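Throughout, read-outs are computed from the coordinates displayed, never taken from laboratory work. Since this is a predicted model, take the numbers as computed values, not measurements. Here the Cβ is made from the backbone with ideal geometry for all residues, glycine too, and neighbour counts use every protein chain on show.
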Amino acid sequence: MGIIEKMRLDGKKGFVTGAARGIGKCTATAFAEAGADIAIVDMDLETAQVTAQEIAQATGRKVIALKCDVTDETQVQAMVDMVVEQLGGLDFCHANAGICINAAADEMTYAQWKKNIDVNLNSVFLTDTIAGRYMLSHGGGSIINTASMSAHIVNVPQPQCAYNASKAGVIQLTKSLAVEWAKRGVRVNSISPGYIGTDLTLSSETLKPLIAQWNAMAPMGRLGKPEELESICVYLAGDTSTFTTGADFGLDGAFTCF
Ligand code: NAD
């Protein structure tokens, strides 16, 4: 079997959170293109349903939409149970849902701080441990977390201390779970994208005006596209990455190199 065939995900079942749109929609599409059955998990069920239908039509895979607020333990448990029941198992997942609250630290409310940490970091603990418990007792699996280059550098000019701290936490959580589960068949890795053109950046009144400034700082002079994150996620979900765990993959066009 050639390497491309070995990388396929035929017969595997997985879910992606925050998959109604943006990066999650893109990786969910790629997983289905590679042969997996997929659950599109999002708090926005209406958009998730449209996305699921689009991907199912394009790939012929089983694609379901599930409503879930990833900050709610009961909902995450119910979502994982539903994935297992409706897809017939769980081999991999991509914990990707996230938000960015832009506020100066000395003006940020504690509620804003807690919200950003809750959606970006606590949710990854919930998703990883609940999915992980299933995988640990069912022959293993692969977990991918979306961190960010903001885990490694402090973005300027926009202030976003809670986002940056949450994403740094995602990387240490990823490494901690990878070490704890290394001998038990569950691998945990993260991706750290640079600025990517999604609704989070392109439709944000706060962030959109800053794109020209970011591009001026970027070695490639442009934003990344969600499609440019797909292949690493297919690799991490599949069986050619069995020695890869606890790793963080920078996908930022060299933005963090200097
Ligand atoms: P996006 O805003 O386009 O999509 C995020 C999706 O997550 C939306 O569909 C939203 O409904 C969903 N979501 C938000 N909160 C949720 C919750 N509590 N429960 C369930 N679903 C929820 O964002 P994106 O750009 O695709 O970002 C996806 C991930 O990538 C995030 O973790 C983000 O921090 C990270 N990231 C984005 C960029 C970028 O420049 N776009 C860069 C680095 C990292």
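Once amide H atoms are built 1.01 Å from N in the peptide plane, which residues 5 or more positions from Ala65, or in another chain, come under 5 Å H to H? The answer is Ile40. With viscosity set to 1.567 mPa s and temperature to 4 °C, compute the Stokes-Einstein D of region 100-239, Rh being the Kirkwood radius across alpha carbon pairs; µm²/s, no decimals. Translational diffusion coefficient: 79 µm²/s. In the chain, the longest principal axis of the Cα atoms and the axis of helix 73-87 are about 40 degrees apart. Per residue, the chain reaches -12500 deg cm²/dmol at 222 nm when only DSSP H runs of four or more residues are counted, each adding -39500 (n - 2.57).
Provide the net charge surrounding Gln77, with neighbours chosen by a C-beta distance below 15 Å and charges set as Lys +1, Arg +1, Asp -1, Glu -1.
-4
Near Thr245, within a Cβ-to-Cβ distance under 12 Å, what is the net charge of the other residues, with Lys and Arg +1 and Asp and Glu -1? In short, +2.
Which entries in Lys13/Lys208; Lys12/Lys183; Lys67/Lys115 show an alpha-carbon gap greater than 24 Å? Where the Cα-Cα span goes over 24 Å, the pairs concerned are Lys13/Lys208. A simple packing score, the average count of other Cβ atoms within 10 Å per residue, orders the peptides 205-213, 239-247 as 239-247, 205-213, with the highest score first. Where the alpha-carbon atoms of region 3-251 are placed on the principal axes, they occupy 47, 35, 35 Å, in descending order. The distance separating the Cα centre of region 234-253 from that of region 1-68 comes to 18 Å.
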